[in-house]
Amino acid sequence: MRISEVVKRTSLTADTLRYYERIGLLPPISRTDSGIRDYQDIDIRRIEFVKCMRRAGLPVEVLIEYYKLVRQGDETIPERKRILVEQRDVLKDQLKDLQEILNLLEYKINVYENIVLEKENEIS
């Protein structure tokens with residue numbers, strides 16, 4: 001699959017895909033005889049994983065380290081798991097904070113809705 005198709009499929013720019021390959025988040029992408037990148041399904045799965053981890057807040061440097069560990073083999077599974085567990089815990093804390101913010105916003109919205117309702121009752 002050509003880079004233009006991967007761009008459409010993943011919503012990443014061609015520059016980002018080339019950058020990810022250059023810094024090691026993606027392995028070297030196979031090429032056609034004419035030198036055009038030819039992405040495989042496994043490349044797409046890896047791109048989707050990288051996108052997910054980036055959305056989860058994992059820094060590029062940590063992802064690079066993660067993939068270095070992957071290439072080192074199964075003996076690095078505990079370290080890879082540690083990276084993912086740490087990020088999960090960060091996300092859980094963020095979710096807790098966001099829920100508190102959401103609760104406050106809901107409260108304030110209800111206060112304003114009650115004020116409007118009172119004003120409407122005064123008019124009627």
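One table, with the values for the structure above:
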| item | result |
| --- | --- |
| Using alpha-carbon coordinates, inclination of helix 77-123 to the longest axis of the chain, degrees | 30 degrees |
| Nearest 10 degrees, 0 to 90: helix 41-55 Cα axis against the chain principal axis | 40 degrees |
| Given charges at beta-carbon only (K, R positive; D, E negative), |dipole| of the chain in Debye | 720 debye |
| Rg and Dmax [Cα atoms of the stretch 76-124; Å; Rg one decimal, Dmax integer] | 21.2, 71 |
| Per-peptide average of other Cβ atoms within 10 Å, ordering 107-117, 37-47 highest first | 37-47, 107-117 |
| Potential extension, Arg54-Ala14 segment - 0.36 nm per residue separation minus Cα distance | 12.7 nm |
| Folded to 0 to 90 degrees: helix 60-72 orientation relative to the chain principal axis, Cα | 40 degrees |
| Local electrostatic count, Ile83, Cβ distance below 12 Å [Lys/Arg +1, Asp/Glu -1] | 0 |
| C-alpha center-to-center spacing [the stretch 10-41, the stretch 64-124] in angstrom | 32 Å |
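Values in this text are rule-based calculations from the coordinates and carry no lab data. Predicted, not measured: the structure shown is a model, and the values here were computed from it. Virtual Cβ from ideal backbone geometry, glycine too; neighbours counted across all protein chains shown.
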